[in-house]
Each structure stands twice: as structure tokens, then as C-alpha cells.
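Before any comments, here is the structure.
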Amino acid sequence: MYKGILKFQGFQGQVDSQVVNLKPTQSILTSILDANIDMPYKCLVGTCLTCMCRIESGKTRYLIEVDNIISAEKIKLGYVLACQAIPESDLIICTTGCSGIYNRPNMRESVTYVD
């Protein structure tokens with residue numbers, strides 16, 4: 001039986017001043033929810049924009065292509081979809097009280113799926 005110290009294999013995130021362990025194998029949203037931090041979300045597939053947040057520091061990559069979902073301007077400002085963004089470094093994440101997060105004129109409140 002191994003009796004050493006197990007080091008967390010991942011990154012550290014600061015989410016609205018709360019510290020969270022971010023796993024490089026799961027989305028930012030999943031890590032935030034695993035830490036019992038409330039964050040708005042709906043679809044979990046990157047279409048509703050509800051989990052949009054701003055990365056103030058650090059790097060991420062996406063599970064899907066988001067250029068047709070988030071405007072180029074928002075991407076340049078550091079906005080990401082937390083349900084589809086994977087951490088590639090330590091992050092400082094703003095989910096509430098960030099300029100433009102919840103006052104988006106083009107935010108869709110729900111998603112309708114058509115068969």
C-alpha cells in the first residue's frame with residue numbers, strides 16, 4: 001500500500017475569489033460544480049451561453065469549435081463557455097459581476113431542439 005503524499009494533478013482556479021481545483025481532463029464548469037460553487041448553466045453542450053464567464057488570467061482550450069457561438073470580440077476579451085472550456089494553466093475566472101456577463105443582448109434564455 002502506498003503511503004506517500006498524493007499531489008493533485010491539475011491546476012488551481014480562483015472563481016470569484018474562491019479557490020477550486022481544476023482538472024485538465026474536465027470542463028471548467030464541472031470543476032466549479034464539483035467544488036459546490038453555484039454557477040448558472042443549462043445545456044452543458046455549449047449552445048445556450050448561460051455558463052459564459054471571463055478568464056482574467058490563464059489559458060484554456062475548447063472541446064468544440066465556438067467561433068459561431070461566441071463573437072470574436074467576446075473571445076478577445078477572454079469570455080469562454082465554462083461547459084466546453086478545459087484549463088491549460090492556473091486560472092482566474094470571473095462568473096459574476098463581470099462587465100458584460102449577464103447583460104448580453106444576444107443571450108438565448110433557452111434552447112429548442114427540433115427533430
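The values are calculated or read from the model by the stated rules, or taken from the named source; none is laboratory data. Just so we're clear, the structure is a prediction, and the values are computed from it rather than from any experiment. Reconstructed Cβ throughout: ideal geometry from the backbone, glycine too, with neighbour counts over all protein chains shown.
Going by the structure shown, is MET39 modelled with pLDDT under 85 and of a type in the set (A, V, I, L, M)?
On the way: modelled with pLDDT under 85: no; of a type in the set (A, V, I, L, M): yes.
When the stated conditions are applied, MET39 does not pass them.
Selection of segment 25-38 for residues being assigned to a loop (DSSP other than H, G, I, E, B) and farther than 12 Å from GLN84 by Cα yields ALA35, ASN36, ILE37, ASP38. Contact annotation: residue pairs with Cβ atoms under 8 Å, 6 or more positions apart or on different chains, pairing a residue in segment 51-76 that is within 17 Å of CYS94 (Cα to Cα) with a partner that is surrounded by 13 or more Cβ atoms within 10 Å (Cβ to Cβ) and among the basic types (Lys, Arg), are CYS51/LYS42; MET52/LYS74; MET52/ARG104.
Conditions (1) modelled with pLDDT under 90; (2) buried (at least 18 other Cβ atoms within 10 Å of the Cβ); (3) part of a strand (DSSP E or B); (4) not β-branched (Val, Ile, Thr), marked per residue:
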| residue | (1), (2), (3), (4) |
| --- | --- |
| VAL80 | no, yes, yes, no |
| CYS83 | no, yes, no, yes |
| GLY100 | yes, no, no, yes |
| ARG104 | yes, no, no, yes |
| MET107 | yes, no, no, yes |
| TYR113 | yes, no, no, yes |
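Restricting the first member to segment 10-25 and to residues that are more than 13 Å from ARG61 (Cβ to Cβ), and the second to residues that are charged (D, E, K, R) and crowded, with 16+ Cβ neighbours inside 10 Å, the beta-carbon pairs closer than 8 Å and six or more apart or on different chains are GLY10/LYS23. Among the residues of segment 8-24, those that are at pLDDT 85 or above and part of a loop (DSSP other than H, G, I, E, B) comprise LYS23, PRO24.
Yes/no per residue for (1) assigned to a strand (DSSP E or B); (2) modelled with pLDDT under 90; (3) not charged (D, E, K, R):
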| residue | (1), (2), (3) |
| --- | --- |
| CYS43 | no, no, yes |
| GLY46 | no, no, yes |
| LEU49 | no, no, yes |
| ARG54 | yes, no, no |
| GLU65 | no, no, no |
| ILE69 | no, no, yes |
| GLU73 | no, no, no |
